[in-house]
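For reference, the structure discussed in these notes is given below.
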Amino acid sequence: MNCVENLPVYTATVVVLLALRLDRPVLDALAITILVARICQTSVHLSFEQTNRVAAIRFAFFFVQAACMIAMGVIAAVAAGS
């Protein structure tokens, strides 16, 4: 379910970044980190029996995605404010 919740947030963030015409290497790195964390989260979910430890690992990858999206939003807000 969280992939459905994350996609609109990421899409909105990208639309804002495009509207602001921001093109920074840090944004590229954050986007790649989101993609890698999502692939890892899904791989862990599909590859292992679901235990508390596996759920914690999945959450860690989810948290990385959320932190990257927040960082992208902060970059957009700072750029819009200046």
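The values are calculated or read from the model by the stated rules, or taken from the named source; none is laboratory data. These figures come from a predicted structure and were not determined experimentally. Don't worry about glycine lacking a Cβ; one is built from the backbone with ideal geometry, like all the others, and counts go over all protein chains shown.
Considering every residue within segment 51-74, establish whether at least one is hydroxyl-bearing (Ser, Thr, Tyr) and either in a helix (DSSP H, G or I) or under 15 Å from Thr13 (Cα atoms) (or both). Checked against the condition, which is being hydroxyl-bearing (Ser, Thr, Tyr) and either in a helix (DSSP H, G or I) or under 15 Å from Thr13 (Cα atoms) (or both), segment 51-74 yields no hits at all. Number of residues in segment 1-18 that are aromatic (Phe, Trp, Tyr) and surrounded by fewer than 16 Cβ atoms within 10 Å (Cβ to Cβ) equals 0.
Quick check: is even one residue across segment 19-27 part of a helix (DSSP H, G or I), surrounded by 13 or more Cβ atoms within 10 Å (Cβ to Cβ), modelled with pLDDT under 95 and not β-branched (Val, Ile, Thr)? Before you say what the answer is, go through the steps one by one.
So in segment 19-27, the residues part of a helix (DSSP H, G or I) come out as 19, 25-27.
Remaining after also requiring surrounded by 13 or more Cβ atoms within 10 Å (Cβ to Cβ): 27.
Checking the rest, the ones that are also modelled with pLDDT under 95 come to none.
Among the residues of segment 19-27, not one is part of a helix (DSSP H, G or I), surrounded by 13 or more Cβ atoms within 10 Å (Cβ to Cβ), modelled with pLDDT under 95 and not β-branched (Val, Ile, Thr), which makes the answer no.
Sort out which residues of segment 51-70 are within 22 Å of Arg21 (Cβ to Cβ) and surrounded by 15 or more Cβ atoms within 10 Å (Cβ to Cβ), and write them in order of number.
Step one: list which residues in segment 51-70 are within 22 Å of Arg21 (Cβ to Cβ), which gives 68-70.
Cys68, Met69 - these are the residues of segment 51-70 that are within 22 Å of Arg21 (Cβ to Cβ) and surrounded by 15 or more Cβ atoms within 10 Å (Cβ to Cβ).
Within segment 43-61, residues that are without any contact (Cβ under 8 Å) to a residue 40 or more places away in the chain sit with their Cβ atoms under 9 Å from residues that are of a type in the set (D, E, K, R) and surrounded by 12 or more Cβ atoms within 10 Å (Cβ to Cβ), at 6+ positions apart or across chains, in these pairs: Val44/Arg58; His45/Arg58; Gln50/Arg58; Phe61/Arg38.
Would you point out the residue of segment 41-50, among those that are in a helix (DSSP H, G or I) and of a type outside the set (Ser, Thr, Tyr), that is surrounded by the fewest Cβ atoms within 10 Å (Cβ to Cβ)?
Let us first name the residues in segment 41-50 that are in a helix (DSSP H, G or I), namely 41-47.
Within this subset, residues satisfying the condition of being of a type outside the set (Ser, Thr, Tyr) are 41, 44-46.
On the way: Gln41: 22, Val44: 16, His45: 14, Leu46: 7.
Once the filter is applied, the top-ranked residue is Leu46.
State yes or no: is Thr33 among the hydroxyl-bearing types (Ser, Thr, Tyr), assigned to a helix (DSSP H, G or I) and at pLDDT below 95?
Against the criterion (among the hydroxyl-bearing types (Ser, Thr, Tyr), assigned to a helix (DSSP H, G or I) and at pLDDT below 95), Thr33 does not qualify.
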